[in-house]
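Structure first, commentary second.
All of the numbers you see were taken from the coordinates with simple rules; none came from a lab. All of these numbers come straight from a predicted model, not from anything done at the bench. For neighbour counting, all protein chains shown are included, and Cβ atoms are generated from backbone atoms with ideal geometry for every residue, glycine included.
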Amino acid sequence: MKWQGRTIYRGKVAGEALVSHMGISFFGGVDPDTGIVVERGHELEGQSVSGKILVFPTGKGSTVGSYTLYRLKHAGKAPAAIVNAECETITAVGCIIAEIPCVDHVPIDLIQDHTQIIVDADAATIECDSA
Amino acid sequence: MYLTSEEHAILAGKHGKATQKAMEILVALGTIYGAERMIPVTSVQIAGVSYDNLGEAGLHFLTEMAAGGGRTRVLTTLNPAGMDVENWKALDIDPAFAEQQKRVIEAFAHMGVVTTCTCTPYLSGNTPHYGEHIAWAESSAVCYANAVIGARTNREGGPSALAAALTGRTPAYGYHLEENRKPGIRIDVQAQVTGNDRLGALGKAIGTKLEGEAGRRKGEKPIAYVTGVVQASVESLKSFCASIATYGGAAMFHMQGITPEAAQWTPAQWAPPTDTLIITQADVDAAHRSMNDTISGEVDFVSLGCPHLSIREIARIAELLEGKQVTKEFWITTARPTKQMADMMGYTATIEASGAKFATDTCCVVAPVKGRFKALATDSAKACYYARAKNKFRTVLKPFDDVVAEALK
């Protein structure tokens, strides 16, 4: 399957999808040194976003979350790319300053956890094996 | 989104790496919010200055932007830092923290930012006029600029405000557009409210109702048109703005007879009776009570200046403290230019002789005070929120003069 979305930040990368149906707050919700989701009760709690194609509906929480993405990048623990249903300011600014490819406006409900996907943010497309 | 040839050139990196990054941020925000073009801004206020909030990553980003040739194109000022830049030792700030905080301010200075660290830039030289397009962060100042001054700004975050400073632009969406400044709900205040603490309680009562309305209206938060407030000082308005922004996420409101754009929207023009909410004395009292969760005997930290104190407020503190000794840690938080006025007038000497401390450039919200105190006395509804949420303090909300009296008890 291939979908056309909208580019938030450029770049092309392939990797394993880590899918959340819940919003993500990077500040306070993700450990900036390890990339592990630490928000209590979050469906990804205990899992690492590091190197994954992180798929979630939209960001939430404090604007300081942009800097958390930047810190993850410098710690080598950032997601390889981010795919949103609807990107908001915190995630968008975080992706730009951390240079993480980001695409939104794609049907994320059709992306299954652990599948291989290709994010081509230059062309604003997402490709995946299944679905 | 339409970009001019100069904006395209910035985006292509022809004006350096930092300016390019700034334009990338603005284009992404413009894309997300459906802006058709960029508009020039003439003033910027940057948040995300305290090292307590920024951390190492934030400092690294700012250093990289400064090293990448970032240079402000318009008047730009800073939010409070995590310490008094000169007097940090007297406030028991950790020297390692002070070192990192200084590096943050140096990075901003390197980019040409005027490093007055204050949440009330409109009291110290960054004062836009009615209708002026600006890009401000700091939620209380955003609300003050939009509502009380009638300037036009969205609620920026740290990086987007910096991006506006380095390019002199912001995407044209939200509160920059006339149609988005229209009131959506009338709030009729049927209560007597005067003073910072009461206006703060009113801000909380209205803010809480706005959050409820947002739920009812599927996420869309209406702009409040407040009637029934007869008189308000600059000081009580800054308290109100801080509170309605903190508790209601509001970036804009109108207040009949007080804010400039209110005259364009008489309630008869737009407000059906169903879109009116009434705030009673009981509502204001309940909001006020909700910020008092301890007794004065427990108070070990007293602070005035959230938002930063005006010179008139400092004069009053000096009058109340003259010839007396405080018994508790008492922070007077204000902007450095205002402190310099206080120095000139002799207020500083009077206040410091009492044992109270100036915490210039900083405040009890952004300084690293967690764990140092148990209970805060303040006249600020906003300070109560952060004292509890961030620092786990209990709080006592009182009128201005009574807060000073609390420090003397």
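Around the amide H of B:Arg169, modelled in the peptide plane, lie the amide H atoms of B:Val41, all under 5 Å away and 5 or more residues distant in sequence or on another chain. Model label points for A:Met22 and B:Met344, set 7 angstrom from Cα along the Cα-to-Cβ axis, are 5.5 nm apart.
For A:Glu43 and B:Glu322, the FRET efficiency from 1/(1 + (r/R0)^6), where r spans their Cβ atoms and R0 equals 56 Å, is about 0.40. Using only side-chain charges placed at the Cβ, +1 for Lys and Arg and -1 for Asp and Glu, the dipole size of the protein assembly as shown relative to its Cα centre rounds to 360 debye. So, counting K/R as plus one and D/E as minus one, what does the shell of residues with Cβ under 11 Å around B:Ile46 add up to? That sum, taken over residues with Cβ under 11 Å, equals -2.
I need A:Ile111, A:Ile36 ordered by Cβ neighbour count within 10 Å, fewest first.
Numbers: A:Ile111 20, A:Ile36 16.
Ascending number of Cβ neighbours within 10 Å: A:Ile36, A:Ile111.
Packing order of peptides B:165-171, B:89-95, B:345-351, A:80-86, highest average first: B:165-171, A:80-86, B:345-351, B:89-95 (average count of other Cβ atoms within 10 Å over each peptide's residues).
With Cβ to Cβ distances under 9 Å as the rule, what net charge do the other residues near B:Ala57 carry (K, R +1; D, E -1)? Spelling it out: positives minus negatives among the neighbours equals +1. Calculate, for A:Thr34 and A:Ser62, the FRET efficiency according to 1/(1 + (r/R0)^6) with r their C-beta to C-beta distance and R0 25 Å; round to the nearest 0.05. Efficiency, rounded to the nearest 0.05: 0.85.
Residues in segment B:66-82, backbone N under 18 Å from the label point at B:Thr127 (7 Å along the Cα-to-beta-carbon vector): list them, ranges by number please. Under 18 Å, as judged by backbone N against the label point of B:Thr127, lie B:75-78 of segment B:66-82.
Fewest to most neighbouring Cβ within 10 Å: what's the order for B:Met23, B:Met111? All intermediate terms of the calculation are to be shown ahead of the outcome.
Numbers: B:Met23 24, B:Met111 21.
Listing B:Met23, B:Met111 from fewest to most nearby Cβ atoms yields B:Met111, B:Met23.
Within the straight-line cut-off of under 19 Å between alpha carbons, the lysines reachable from B:Lys324 are B:Lys357, B:Lys409, sequence neighbours fewer than 8 places apart in one chain being disregarded. Computed from phi, the 3J(HN,Hα) profile of segment B:93-99 under the Karplus parametrisation 6.51, -1.76, 1.60 (θ = phi - 60°) reads 7, 4, x, 5, 5, 4, 4 Hz, with x in place of Gly and Pro.
Residues within the reach of a label modelled at A:Ala14 (point 7 angstrom out along Cα to beta-carbon, backbone nitrogen below 19 Å), restricted to segment A:94-113, are A:101-103, A:111-113.
Think of segment B:296-408 as having a plus end and a minus end, set by charges on the Cβ of Lys, Arg, Asp and Glu; of B:Gly323, B:Leu304, B:Ala367, B:Ala367 sits farthest toward the positive end of this dipole.
Net charge dipole, chain B: roughly 520 debye, given to the nearest 20, about the Cα centre with Cβ charges of +1 for Lys and Arg and -1 for Asp and Glu. Residues in segment A:54-70 carry Karplus couplings, in order, of 7, 10, 8, x, 6, x, 8, x, 5, 5, 5, x, 4, 5, 4, 4, 4 Hz; the curve used is 6.51 cos²θ - 1.76 cosθ + 1.60 with θ = phi - 60°, and Gly or Pro positions show x. As a proxy for reagent exposure, ranking A:Met1, B:Met38 by other Cβ atoms within 10 Å from fewest up yields A:Met1, B:Met38.
First check a/c for chain B, with a ≥ b ≥ c the square roots of the eigenvalues of its C-alpha gyration tensor; if it is under 1.5, answer rounded, and if not, answer prolate when a/b is larger than b/c or oblate otherwise.
Oblate shape, in that a/c is at least 1.5 and b/c is the bigger or equal ratio.
Between amide H atoms placed 1.01 Å from N, distances below 5 Å from B:Ile185 occur with B:Ile223, B:Tyr225, all of them 5 or more places distant or on a separate chain.
Over segment B:182-290, all Cα pairs binned in 10 Å intervals from 0 give whole-percent P(r) values of 16, 53, 29, 2, listed from short to long. With each label modelled as a point 7 angstrom along the Cα→C-beta vector, the B:Glu36-B:Ala67 pair spans 4.2 nm. One chain, two ends: B:Asp285 and B:Gln264. Fully extended at 0.36 nm per residue, the span grows by 4.4 nm beyond their Cα-Cα distance.
For segment B:182-290, lysine pairs separated by 8 or more sequence positions, or belonging to different chains, with Cα-Cα distances below 20 Å total 8. Remark on B:Ile279: its backbone amide H falls under 5 Å from those of B:Asp188, B:Val189, B:Gln190, a criterion applied only to residues 5 or more positions apart or on other chains, H modelled at 1.01 Å from N. Derived scalar couplings between HN and Hα for segment A:24-30 equal 10, 9, 5, 6, x, x, 10 Hz in order, rounded to whole Hz, by the Karplus curve 6.51 cos²θ - 1.76 cosθ + 1.60 (θ = phi - 60°), x for Gly and Pro.
Measuring max minus min along each principal axis, the C-alpha atoms of chain A give extents of 34, 27, 23 Å (largest first). I want to check the label-to-label distance for B:Lys409 and A:Glu99. Put each point 7 Å from Cα in the C-beta direction and report it in nm to one decimal. Roughly 5.7 nm, to one decimal. Protection proxy ranking, highest mean first, for peptides B:187-200, A:113-126: B:187-200, A:113-126, where packing is the per-residue count of other beta-carbon atoms within 10 Å, averaged.
Averaged over peptide B:41-54, the number of partner chain Cβ atoms lying within 10 Å of each residue's Cβ comes to 1. Dipole of segment A:2-128 computed with +1 at Lys/Arg Cβ and -1 at Asp/Glu Cβ about the Cα centre; of A:Gly59, A:Ala78, A:Gly46, farthest Cα towards the positive end is A:Ala78. Remark: mean inter-chain Cβ contacts per residue of A:70-77 equal 3, using a 10 Å Cβ-Cβ cutoff to other protein chain atoms. Inter-chain neighbour count for B:23-33: the average number of beta-carbon atoms from partner chains within 10 Å of each residue's beta-carbon is 5. Helix A:89-98 and the longest principal axis of the C-alpha atoms of chain A enclose an angle of approximately 90°. Using 0.36 nm per residue and subtracting the Cα-Cα separation, the extra length available between B:Glu179 and B:Lys370 on full extension is 64.5 nm. Would the protein assembly as shown count as rounded, prolate or oblate if I go by the C-alpha gyration tensor, calling it rounded below 1.5 in a/c and otherwise prolate when a/b exceeds b/c, oblate otherwise? Taking the square roots of the gyration eigenvalues as a ≥ b ≥ c, the protein assembly as shown is prolate. Of the trypsin sites (Lys or Arg not before Pro) found in segment B:1-56, the ones in coil according to DSSP and having at most 12 other Cβ atoms within 10 Å of their Cβ are B:Lys14. A Förster radius of 60 Å, combined with the Cβ-Cβ distance separating B:Asp401 from B:Lys14, puts the computed FRET efficiency at roughly 0.55. Ordering B:His133, B:Val113, B:Pro159 by Cα displacement along the dipole of segment B:5-178 toward the positive end leaves B:His133 in first place; charges were set at the Cβ atoms of Lys, Arg (+1) and Asp, Glu (-1).
Please report the net charge: other residues with Cβ closer than 9 Å to the Cβ of B:Thr350, K and R +1, D and E -1. With Lys, Arg at +1 and Asp, Glu at -1, the net is -3.
Computed from point charges on the beta carbon alone (+1 for Lys and Arg, -1 for Asp and Glu), the dipole magnitude for segment B:5-178 about its Cα centre is near 480 Debye.
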